[in-house]
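K.L.:
Starting off with a structure, shown below.
The values are calculated or read from the model by the stated rules, or taken from the named source; none is laboratory data. Predicted model only: the values in this text are computed from it and were never measured. Cβ sites come from the backbone with ideal geometry, for glycine too, and all protein chains shown count toward neighbours. The accessibility values were calculated without ligands, DNA or RNA, using every heavy atom of the protein model including side chains. Shrake-Rupley method; radii C 1.70, N 1.55, O 1.52, S 1.80 Å.
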Amino acid sequence: MSEIRPVMTVFAGTNGAGKSTLSMQMREWLGELVDPDQIARELKPENPRSADLSAGREVVKRIRSLIKSGINFAIETTFSGSFVLKHMVTAKEV
């Protein structure tokens, strides 16, 4: 019998490439969507860009929790840092 493993979907591209549009259209198939921009808007609606660092920390917490829980999820990224790649490796190893 084969084991069904959770899926981490990554939407990557430059700013304005359509990551959010595509991920929103596919939301029902993706599981939880971890969107750093949306988290920043939730943290500081009047100035989301000032919450980027806090939103980044929250993204890392959520990703770690989702991987540990075995829940399907998706993330949007510009690959401006290495943390998404590191979490992709971690998710694959689970």
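K.L.:
Output yes when any residue across segment 34-52 is among the basic types (Lys, Arg), surrounded by 10 or more Cβ atoms within 10 Å (Cβ to Cβ) and in contact with a strand residue (DSSP E or B) (Cβ under 6 Å, 6 or more places away or on another chain), and no when none is.
P.N.:
Within segment 34-52, none of the residues are among the basic types (Lys, Arg), surrounded by 10 or more Cβ atoms within 10 Å (Cβ to Cβ) and in contact with a strand residue (DSSP E or B) (Cβ under 6 Å, 6 or more places away or on another chain).
K.L.:
Inspect segment 29-43 for any residue being without any contact (Cβ under 8 Å) to a residue 60 or more places away in the chain and in a loop (DSSP other than H, G, I, E, B) and give the result as yes or no.
P.N.:
Checked segment 29-43: at least one residue is without any contact (Cβ under 8 Å) to a residue 60 or more places away in the chain and in a loop (DSSP other than H, G, I, E, B).
K.L.:
Next question. Of everything in segment 72-93, what is open to solvent by 20 Å² or more (accessible area, probe 1.4 Å) and not in a helix (DSSP H, G or I)? Give them in sequence order.
P.N.:
Passing the criteria: Asn72, Thr78, Phe79, Ser80, Gly81, Ser82.
So that you can scan it fast, the table gives a plain yes or no per residue for (1) in contact with an Asp or Glu (Cβ under 7 Å, 6 or more places away or on another chain); (2) among the β-branched types (Val, Ile, Thr):
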| residue | (1), (2) |
| --- | --- |
| Ala17 | no, no |
| Val34 | no, yes |
| Ile39 | yes, yes |
| Ile71 | yes, yes |
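K.L.:
Right, here's the next one. Going by the structure shown, is Ser69 more than 11 Å from the chain's Cα centre (by Cα) and either open to solvent by less than 60 Å² (accessible area, probe 1.4 Å) or under 20 Å from Gly13 (Cα atoms) (or both)?
P.N.:
No: the conditions fail for Ser69.
K.L.:
When you look at Glu58, is it free of Cβ contacts under 8 Å to residues at least 40 places away in the same chain and open to solvent by less than 90 Å² (accessible area, probe 1.4 Å), yes or no?
P.N.:
yes
K.L.:
Do the conditions hold for Thr14, that is, is it free of Cβ contacts under 8 Å to residues at least 12 places away in the same chain and surrounded by fewer than 15 Cβ atoms within 10 Å (Cβ to Cβ)?
P.N.:
no
K.L.:
Let me ask something else. Identify the residue in segment 11-25 that is among the small types (Gly, Ala, Ser) and in a loop (DSSP other than H, G, I, E, B) and, among all such residues, is nearest to Gly81 (Cα to Cα).
P.N.:
Gly13
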